[in-house]
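Below: the structure, in structure tokens.
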Amino acid sequence: MQISRRTFTVSLSALALSACSSAAPTPTVRQRSSGLPDDLRPANNSAYDAWVRNFMPRARSAGISDATLTAAFRGTGFLPGVVKRDRNQTEFKRSLEDYLAIAASDERISKGRAAFAKHRTTLNTLEERYGVDAEIITAIWGLESFFGERRGDVPVISATSTLAFDGRRGSFFEKQLIAALKILQNGDVKASKMTGSWAGAMGHTQFIPTSYQAFAVDFTGDGRRDIWSEDPTDALASTAAYLARNGWKRGTRWGREGDSGGTVIQPQAGGPKFAVTENFRAIKRYNNSDSYAIGVGHLADRIGGGGPLRASFPPDANGLTKDDRVGLQERLTANGFDTGGADGVIGPNSEKAISAYQASQGLPVTGKPSIALLKRLR
């Protein structure tokens with residue numbers, strides 16, 4: 001299987017290590033990270049502690065110093081929520097219509113245009129240097145971290161070591177853990193600042209540690225490849241470098257809506273068709289998903305001033321169009337059953353509101369939208 005930057009998807013017990021010996025580490029006081037849910041804070045787990053002790057010789061043989069190990073594992077621990085989230089991933093896949101409603105929402109477009117304007121000079125310089133469209137770089141930033149607002153605050157050493165210990169993808173995550181330790185040893189970031197998603201993706205554009213090692217760049221020239229700070233320059237440059245080295249062709253669009261030209265795809269039956277180029281495939285090296293690549297391309301077009309898709313999507317499996325779903329959400333909220341917004345995407349909040357409404361009316365509680373439910377609310 002080809003491992004893209006985020007094929008794994010795409011956000012520890014404190015062990016004091018001797019900085020000058022190979023002695024087994026001794027558990028110390030658990031450090032609790034502020035702002036995180038309880039299940040993403042270190043929890044006692046003796047099996048994990050034993051795994052870490054056994055991992056130390058492997059880390060040293062990979063060139064990791066005792067000083068780095070001491071700093072990296074200080075205050076870390078097993079994160080039960082990481083395992084829970086990893087095991088709860090399902091094969092469920094949003095329709096392209098739902099995906100684009102989120103990826104290219106009005107809010108994301110607005111923020112994207114503002115971010116593009118704010119960082120226009122940097123983005124244009126990156127486009128000139130790497131040949132990657134400035135709007136594409138901005139769109140990836142928007143999809144990965146909402147333009148830096150949602151970079152993740154889970155300690156990466158904790159997350160990757162927890163997943164390496166868990167074993168479901170142990171070999172892959174041990175490689176990520178080793179890579180993360182090498183990043184710390186190189187001095188690009190302090191252990192306390194190396195945070196990301198629960199699965200170890202980091203910074204403004206959510207690089208996994210091995211991809212960071214391979215592609216991250218120090219564009220600011222301060223001696224560090226800093227993708228974590230408030231300044232997104234190194235992260236945006238690293239994304240441009242990644243795409244440039246993974247097949248991006250200068251001067252070529254990602255694709256466009258339509259059924260003529262290059263390779264034509266139709267990800268959702270009855271929905272829009274897209275003529276895509278080799279740059280579409282370069283975006284998929286960032287995240288191996290047609291929906292993701294279309295989301296990046298379409299958001300980039302909207303940031304650049306383009307309009308919405310022309311073709312419509314067919315009704316969903318419940319017979320509802322997007323307008324029907326928006327209407328259902330609006331009417332539920334108006335009746336006191338808040339759906340958390342009216343974007344036409346029926347997610348957990350909408351299902352909860354539907355269930356509450358059904359219960360209040362003495363109806364079978366399914367949490368599922370329907371034409372009958374929409375008519376009842378009119």
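A single member of S192, S158 is buried (at least 20 other Cβ atoms within 10 Å of the Cβ), closer than 21 Å to P80 by Cα and among the hydroxyl-bearing types (S, T, Y), and it is S158. The residues of segment 42-82 that are surrounded by fewer than 21 Cβ atoms within 10 Å (Cβ to Cβ) and closer than 16 Å to T195 by Cα, listed by number, are A71, R74, G81.
Of all residues in segment 310-334, those that are farther than 17 Å from S105 by Cα have Cβ atoms under 8 Å from Cβ atoms of residues that are among the acidic types (D, E) and surrounded by fewer than 17 Cβ atoms within 10 Å (Cβ to Cβ), 6 or more apart or on another chain, in L332/D338.
Determine whether segment 80-89 contains at least one residue that is of a type in the set (V, I, T), outside any helix (DSSP H, G or I) and under 14 Å from T162 (Cβ atoms). Within segment 80-89, not a single residue is of a type in the set (V, I, T), outside any helix (DSSP H, G or I) and under 14 Å from T162 (Cβ atoms). Among the numbered conditions (1) basic (K, R); (2) within 26 Å of A282 (Cβ to Cβ); (3) at pLDDT 95 or above, the only one that R169 does not meet is (3).
Listed conditions (1) over 18 Å from the mean Cα position of the chain (by Cα); (2) surrounded by fewer than 22 Cβ atoms within 10 Å (Cβ to Cβ); (3) acidic (D, E) are all met by E149, apart from (1). All of (1) part of a helix (DSSP H, G or I); (2) out of contact with any Lys or Arg (no Cβ under 8 Å at 6 or more places or on another chain); (3) not small (G, A, S) hold for I109 with one exception: (2).
All conditions but one from (1) under 28 Å from E127 (Cα atoms); (2) in a loop (DSSP other than H, G, I, E, B) apply to H298; the one that does not is (2). The residue list G307, G270 contains one member that is surrounded by fewer than 18 Cβ atoms within 10 Å (Cβ to Cβ), in contact with a Phe, Trp or Tyr (Cβ under 8 Å, 6 or more places away or on another chain) and in a loop (DSSP other than H, G, I, E, B), which is G270. You will find that of I283, I294, the residue that is in contact with a strand residue (DSSP E or B) (Cβ under 8 Å, 6 or more places away or on another chain), crowded, with 23+ Cβ neighbours inside 10 Å and β-branched (V, I, T) is I294 and no other.
The values are calculated or read from the model by the stated rules, or taken from the named source; none is laboratory data. Here the structure is a predicted model, which means the values were calculated and not measured. Every residue, glycine among them, receives a Cβ derived from its backbone with ideal geometry; neighbour counts consider all protein chains shown.
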